[in-house]
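Engineer: I have a structure here, written as structure tokens, and I will follow up with some questions on it.
The values are calculated or read from the model by the stated rules, or taken from the named source; none is laboratory data. All values reported here derive from a predicted model rather than from experimental measurement. Because the Cβ atoms are built from the backbone with ideal geometry, glycine has one as well, and the counts that use them run over all protein chains shown.
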Amino acid sequence: MALLQIAEPGMSAAPHQHRLAVGIDLGTTNSLVATVRSGMSTVLHDEKGHALLPSVVRYLTDGAIDVGYAAQAQQSRDPQNTIVSVKRFMGRGLNDLADQAHIPYRFIDAPGMVQIETRAGIKSPVEVSAEILKALRLRAEKALGGELTGAVITVPAYFDDAQRQATKDAARLAGLTVLRLLNEPTAAAVAYGLDNGAEGVYIIYDLGGGTFDVSILRLSKGVFEVLSTNGDSALGGDDFDRRIFCWILEQAKLPPLNAEDTRLLLTKAREVKEWLTEHHEVQITSVLSNGDVINLHLTAEEFVDLTSHLVAKTLNPTRKAMRDAGLTVEDIKGVVMVGGATRMPHIRQAVAEYFGQEPLTNLDPDKVVALGAAIQANVLAGNRSDDDLLLLDVIPLSLGLETMGGLVEKVIPRNSTLPVARAQDFTTFKDGQTAMSIHVVQGERELVSDCRSLARFELRGIPPMAAGAARIRVTFQVDADGLLSVTAREQTSGVESHIVVKPSYGLSEDTITGMLQSSFASAESDKQTRALREAQVDAQRLLEAINAALQQDGDALLSPDERAAIEQDMQALQTLIAQDDSHAITRAVDALNHATETFAARRMDASVKQAFAGQNLNSLEI
Amino acid sequence: MQDSSSNHFSLFGLPATFAIDTALLDQRYRQLQSEVHPDKFAAASSTEKLRSMQWATSANEAYRTLKNPAARARYLLELQGVHTDEESNTAMPADFLMQQMEWREAIEEARDAKDLTALDKLLNEIQGAAKELQQALEQQLGGTSPELSAAAGSVRKLSFIDKLREDILQSMEKLEA
């Protein structure tokens, strides 16, 4: 483990140090990690030279865990302990999963998120995903020679709050600091746009292994502004495999298969799909576990017919996104294809027909998301000083509250630019009502039962009043990661209740801490040393941040006395870092944060003035 | 957050008028976000992060309000103490109500007949009506003696038309699904 670097008080640790930051594409089928080296975004390979890491995790009999190719190689032999396409289960309950019959796992219905029984015990999709992320973290640390400052993790744009939260939990569990959750199509747009100096309105059509996204972006001088997004978080290349799989079952008149044969034929189906991308026909042969031989012939035309409804299914979200952005196909400068599934010729053809232009395929559709994420990670870690990249993303699905009669009152409409906050006032229904139950949902439908339930909580202690007299203001805040927090406040009494939306679909903070502890229990660090280490790292980051701010604006924005007061608190914290009391460090961090509030406000005001400086001179007319 | 004297217009350094230079609004919005967006404060203290989120949230809210003509007019009226009260004040001129009913019937007919082309035509028609109301608002809110209550009426009409537009879009989505 690398030692913490501690600089002299009042000095920044190493002002021009390059911080190690990566972009991670956590895909349904494959995952990748990329970083910016010498100004170039590059995908990091494993020691065998593979860029892709198959998103497959296998729990072995001896307690070991295989991730990637090794796990993939055994998937047909050990299907119940080899988890593939785990992304499809993130933030999903058992009843959300379509055609479970064809998924060879022992599912356990758990509150919020489905779990999978393996020989290593019951695993949540978050834990399985964490294994993939951990493998990528180790790959990056080995390649870059140090601990990572942080990572940008990509998620499908159409992921809802539960799925995003699950992804963030997985990253934390893998020991990663999440700099930002970034939408996959936006990441692709960054890689494409910066590479090609693109300006204008672009469509990103992203069909991955298990998810489909379409985003419309306006690119202008380094600003990537998402105008609208739509998609289907349960539609991807996997569905094309499954269609072939079902066709094989029908053609060969097979009875229900065991888990091994199911996995065998699903794998075969994927090979068939990939083959037909470049060939006209294929001979399918397989030997099942009972010795039965399958021998079938499939042409590319037949494959197109089998899957045309899936291609059509991607065009509906595309139309919706166009309508939400208020655009017609004439407004579109280019269509960028992302995701391995867009290699299929009939998909390219359908997209070309819809937009009346050939889609752009000059970037590797498997890598473009990770490359874009790495660029954003590099900016967020503070390695890029020129301020010429800004991503303005949106929330994909409306957020609302349950009102009388099981109806949804939308509070934040879909495609609102992040971050966004919106408040809505509600009142009591009965005389003397002292509590109110608040049910937060996400989705576009009118009925609560048709939307995803994100959280329920109660505002208690409302002073008894006549029905309709109380004023309860519910405020939704969605941050730049697309994650929601909700505050409810009774206006006359000030009674308040706040919730970061996690409980019903994410893991609770206690569960995560428990998992982190157990995963580190075998290492030398116990609970206290880990807590201490985290506190030290946080404190060091804060000191660096304030140091940088002081160097930049300390003289201009602070009086000598004000500056001295802040430096005194910094000194106090610096002394505590060297000691081993994590609580004392946390308290000193809070105190220092508090002490710098005025300074932070002045810096922000100065930035805003800076934004419009010299504008009265008419020099900013376009 | 920002000082209390500021409003959505001054946040972008624009005059508080209905007729605005939308290209300039777009440009100022991006300039402001380039300074205050949370991505610019990823390595900052939590105090600065919080402030950045508040600023970026305000910038988004202001931009959204000014970008949409009905929201912009409503906001301008509010700045002058006139509330449009769309929820409670639903009294409309008879001819406007007649036109509304005709549109609603036409939407229902097209929906029942699953006629996407007819829905598309209706969409164009009401978008034309919205444009006319926006031009009226420019008159009502511009000039030396603005007609505030007439403008409030136009905003209420625009809200009606917005709802119709939503209905058409939803019907189209259902037909395409």
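Engineer: A:L573 fails exactly one of the following numbered conditions: (1) modelled with pLDDT of 85 or more; (2) more than 13 Å from every other protein chain (Cβ to nearest Cβ). What is the number of that condition?
Structural biologist: (2)
Engineer: Here is a further query. Take the residues in region A:106-136 that are touching a residue at least 40 places away in the same chain (Cβ under 8 Å) and assigned to a loop (DSSP other than H, G, I, E, B), then tell me which one is surrounded by the fewest Cβ atoms within 10 Å (Cβ to Cβ).
Structural biologist: A:P111
Engineer: Tell me which residues, restricted to region A:381-411, are under 23 Å from A:L227 (Cβ atoms), within 14 Å of chain B (Cβ to nearest Cβ) and part of a strand (DSSP E or B).
Structural biologist: If the condition is that a residue be under 23 Å from A:L227 (Cβ atoms), within 14 Å of chain B (Cβ to nearest Cβ) and part of a strand (DSSP E or B), then A:L390, A:L391, A:L392, A:V394, A:K410, A:V411 are the ones that fit.
Engineer: Do we have A:L235 as among the hydrophobic types (A, V, I, L, M, F, W, C) and modelled with pLDDT of 95 or more here?
Structural biologist: Spelling it out, it is not the case that A:L235 is among the hydrophobic types (A, V, I, L, M, F, W, C) and modelled with pLDDT of 95 or more.
Engineer: Can you name the residue in region B:98-153 that is part of a helix (DSSP H, G or I) and of a type in the set (S, T, Y) and is also farthest from B:A70 (Cα to Cα) among such residues?
Structural biologist: Per the criteria, the residue is B:T117.
Engineer: Between B:T84, B:T65, B:T117, which is out of contact with any helix residue (DSSP H, G or I) (no Cβ under 7 Å at 6 or more places or on another chain) and either within 11 Å of chain A (Cβ to nearest Cβ) or not small (G, A, S) (or both)?
Structural biologist: Within the list B:T84, B:T65, B:T117, the selection yields B:T117.
Engineer: OK, next. Mind counting the residues in region A:305-322 that are surrounded by 17 or more Cβ atoms within 10 Å (Cβ to Cβ) and more than 23 Å from the chain's Cα centre (by Cα)?
Structural biologist: 4
Engineer: Still on this structure, I have one more. Are any of the residues in region B:78-88 in a helix (DSSP H, G or I), in contact with a Phe, Trp or Tyr (Cβ under 9 Å, 6 or more places away or on another chain) and in contact (Cβ under 8 Å) with a residue 12 or more places away in the chain?
Structural biologist: Among the residues of region B:78-88, at least one is in a helix (DSSP H, G or I), in contact with a Phe, Trp or Tyr (Cβ under 9 Å, 6 or more places away or on another chain) and in contact (Cβ under 8 Å) with a residue 12 or more places away in the chain, which makes the answer yes.
Engineer: Output the residues belonging to region A:328-355 that are touching a helix residue (DSSP H, G or I) at 6+ places or on another chain (Cβ under 9 Å) and under 30 Å from B:N68 (Cα atoms).
Structural biologist: A:T328, A:V329, A:D331, A:I332, A:G334, A:V335, A:V336, A:Y354, A:F355
Engineer: Does A:K410 satisfy being without any contact (Cβ under 8 Å) to a residue 24 or more places away in the chain and surrounded by fewer than 19 Cβ atoms within 10 Å (Cβ to Cβ)?
Structural biologist: yes
Engineer: So A:N378 ticks every box in (1) under 18 Å from the mean Cα position of the chain (by Cα); (2) more than 12 Å from chain B (Cβ to nearest Cβ); (3) of a type in the set (S, T, N, Q) but one. Which box is left unticked?
Structural biologist: It fails just one condition, (2).
Engineer: Considering region A:288-334 alone, what residues qualify as being of a type in the set (S, T, Y), outside any helix (DSSP H, G or I) and within 14 Å of chain B (Cβ to nearest Cβ)?
Structural biologist: Scanning region A:288-334 gives a single hit, A:T328.
Engineer: Tell me which residues, restricted to region A:447-468, are surrounded by 14 or more Cβ atoms within 10 Å (Cβ to Cβ) and either assigned to a loop (DSSP other than H, G, I, E, B) or in contact (Cβ under 8 Å) with a residue 40 or more places away in the chain (or both).
Structural biologist: A:V448, A:C451, A:R452, A:S453, A:L454, A:A455, A:R456, A:F457, A:I462, A:M465, listed by residue number.
Engineer: I'm trying to understand the selection: among the residues of region A:61-82, which are over 19 Å from A:A174 (Cα atoms) and in a loop (DSSP other than H, G, I, E, B)?
Structural biologist: Passing the criteria: A:T61, A:D62, A:Q74, A:Q75, A:S76, A:R77, A:D78.
Engineer: Criterion first (under 22 Å from the mean Cα position of the chain (by Cα), within 13 Å of chain A (Cβ to nearest Cβ), within 26 Å of A:V608 (Cα to Cα) and of a type in the set (D, E)) does B:E78 satisfy it?
Structural biologist: Considered against the rule, which asks whether it is under 22 Å from the mean Cα position of the chain (by Cα), within 13 Å of chain A (Cβ to nearest Cβ), within 26 Å of A:V608 (Cα to Cα) and of a type in the set (D, E), B:E78 comes out as no.
Engineer: Further, regarding this structure: Given the options A:L558, A:L592, A:L620, name the one that is at the interface with chain B (Cβ under 10 Å from one of its Cβ atoms), touching a helix residue (DSSP H, G or I) at 6+ places or on another chain (Cβ under 8 Å), at pLDDT 90 or above and surrounded by 15 or more Cβ atoms within 10 Å (Cβ to Cβ).
Structural biologist: Answer to the selection: A:L592.
Engineer: Is one or more of the residues making up region B:26-46 within 12 Å of chain A (Cβ to nearest Cβ), within 18 Å of the chain's Cα centre (by Cα) and under 30 Å from A:E597 (Cα atoms)?
Structural biologist: Yes; the residues of region B:26-46 include at least one that is within 12 Å of chain A (Cβ to nearest Cβ), within 18 Å of the chain's Cα centre (by Cα) and under 30 Å from A:E597 (Cα atoms).
Engineer: Consider region A:185-244. How many of its residues are part of a strand (DSSP E or B), polar (S, T, N, Q) and over 17 Å from the mean Cα position of the chain (by Cα)?
Structural biologist: Count: 2.
Listed here are the residues, each with its yes/no results for (1) over 22 Å from A:T361 (Cα atoms); (2) among the hydrophobic types (A, V, I, L, M, F, W, C).
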position	(1), (2)
A:S289	yes, no
A:N295	yes, no
A:E301	yes, no
A:S308	no, no
A:T318	no, no
A:L327	yes, yes
A:E330	no, no
A:K333	no, no
A:M337	no, yes
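Engineer: With respect to B:A59, determine if the residue is more than 21 Å from A:H594 (Cβ to Cβ) and more than 7 Å from chain A (Cβ to nearest Cβ).
Structural biologist: Criteria met by B:A59.
Engineer: Let me ask something else. Identify all residues within region A:192-211 that are among the hydrophobic types (A, V, I, L, M, F, W, C) and in contact with a Lys or Arg (Cβ under 8 Å, 6 or more places away or on another chain); write none if there are none. Walk me through it before giving the result.
Structural biologist: Filtering region A:192-211 for residues among the hydrophobic types (A, V, I, L, M, F, W, C) gives A:194, A:198, A:201, A:203-204, A:207.
A:A198, A:V201, listed by residue number.
Engineer: If you don't mind, another one. What pairs come out if I take residues in region A:25-47 that are closer than 27 Å to A:D238 by Cβ and pair them with residues that are of a type in the set (F, W, Y) whose C-beta lies under 9 Å away, six or more apart or interchain?
Structural biologist: A:D46/A:Y69
Engineer: Now a separate question. Before we move on, is B:G13 modelled with pLDDT under 95 and either within 8 Å of chain A (Cβ to nearest Cβ) or within 28 Å of A:I375 (Cα to Cα) (or both)?
Structural biologist: yes
Engineer: Here is a follow-up. Could you list, in sequence order, the residues of region A:557-580 that are part of a loop (DSSP other than H, G, I, E, B), touching a residue at least 40 places away in the same chain (Cβ under 8 Å) and farther than 20 Å from A:A606 by Cβ?
Structural biologist: Correct list: A:A578, A:D580.
Engineer: Let me ask you something else. If you go through region A:348-367 one residue at a time, do you hit one that is modelled with pLDDT of 95 or more, surrounded by 24 or more Cβ atoms within 10 Å (Cβ to Cβ) and not acidic (D, E)?
Structural biologist: no
Engineer: Let me ask another. For the subset of region A:337-375 comprising residues that are free of Cβ contacts under 8 Å to residues at least 40 places away in the same chain and among the acidic types (D, E), which member is nearest to the other protein chains (Cβ to nearest Cβ)?
Structural biologist: Of everything passing the filter in region A:337-375, A:E353 is nearest to the other protein chains (Cβ to nearest Cβ).
Engineer: Here is a further query. Quick check on this structure: which one of B:S34, B:S6, B:S52 is free of Cβ contacts under 8 Å to residues at least 24 places away in the same chain, touching a Phe, Trp or Tyr at 6+ places or on another chain (Cβ under 9 Å) and more than 21 Å from B:L137 (Cβ to Cβ)?
Structural biologist: On the way: B:S34 fails: touching a Phe, Trp or Tyr at 6+ places or on another chain (Cβ under 9 Å); B:S6 fails: touching a Phe, Trp or Tyr at 6+ places or on another chain (Cβ under 9 Å).
Being free of Cβ contacts under 8 Å to residues at least 24 places away in the same chain, touching a Phe, Trp or Tyr at 6+ places or on another chain (Cβ under 9 Å) and more than 21 Å from B:L137 (Cβ to Cβ) holds for just one of B:S34, B:S6, B:S52, which is B:S52.
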